[in-house]
Amino acid sequence: MIVATSKVALKTSCLRACDNDIDKAMRLYDFFVKDMPNLPDFDVAPPSAMQQAKEMAVNAFSWLDQNQDRIVGFWQLFQQLRGGITPVATPPSNVPPIPNK
């Protein structure tokens, strides 16, 4: 199986595919590489666990920041359905009316 993720990976794949015959492997490598001018020299290292955790935290906090109004609205609706709190927009029931004078 030929792996063409980088030039190094392609070279080793071609060498394995040609049973370590360097001349055949060089021809096979040249055949593949002429159609892939932007192939990187080495494989890109996968991100570390710390980098992945940091990226997940940044994504989570940015999502929370963008959707905080919806979250608060859902929380208030949930509390209302449970009967825990009254909505902020309703006035208290025992307030006397405002005089006209």
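Structural size metrics of region 1-45, computed from C-alpha coordinates, are Rg and Dmax of 9.9, 30 Å. Think of each Lys and Arg Cβ as +1 and each Asp and Glu Cβ as -1; about the Cα centre, that makes the dipole of the chain roughly 520 debye. Each of the peptides 62-71, 10-19 was scored by the mean count of other Cβ atoms within 10 Å over its residues; in descending order, highest first, they stand as 10-19, 62-71. Checking [x] 32.1, 104; [y] 14.3, 48; [z] 13.3, 38 against Rg and Dmax of the Cα atoms in Å calculated from these atoms, the matching label is [x]. Below 8 Å between Cα atoms, with a sequence gap of 6+, how large is the relative contact order for the chain in percent? Relative contact order for the chain comes out at 19 percent.
Under 27 Å Cα-Cα from Lys24, which lysines qualify once same-chain neighbours fewer than 8 residues away are excluded? In chain and number order, the partners are Lys7, Lys11, Lys34. You can think of it this way: the chain between Gln52 and Phe78 has 6.0 nm of extra reach, that is 0.36 nm per residue less the Cα-Cα gap.
Any read-out appearing in this document is the output of simple, stated calculations on the displayed coordinates, not a laboratory observation. As the structure is a prediction and not an experimental result, all values here were calculated from the model. Here the Cβ is made from the backbone with ideal geometry for all residues, glycine too, and neighbour counts use every protein chain on show.
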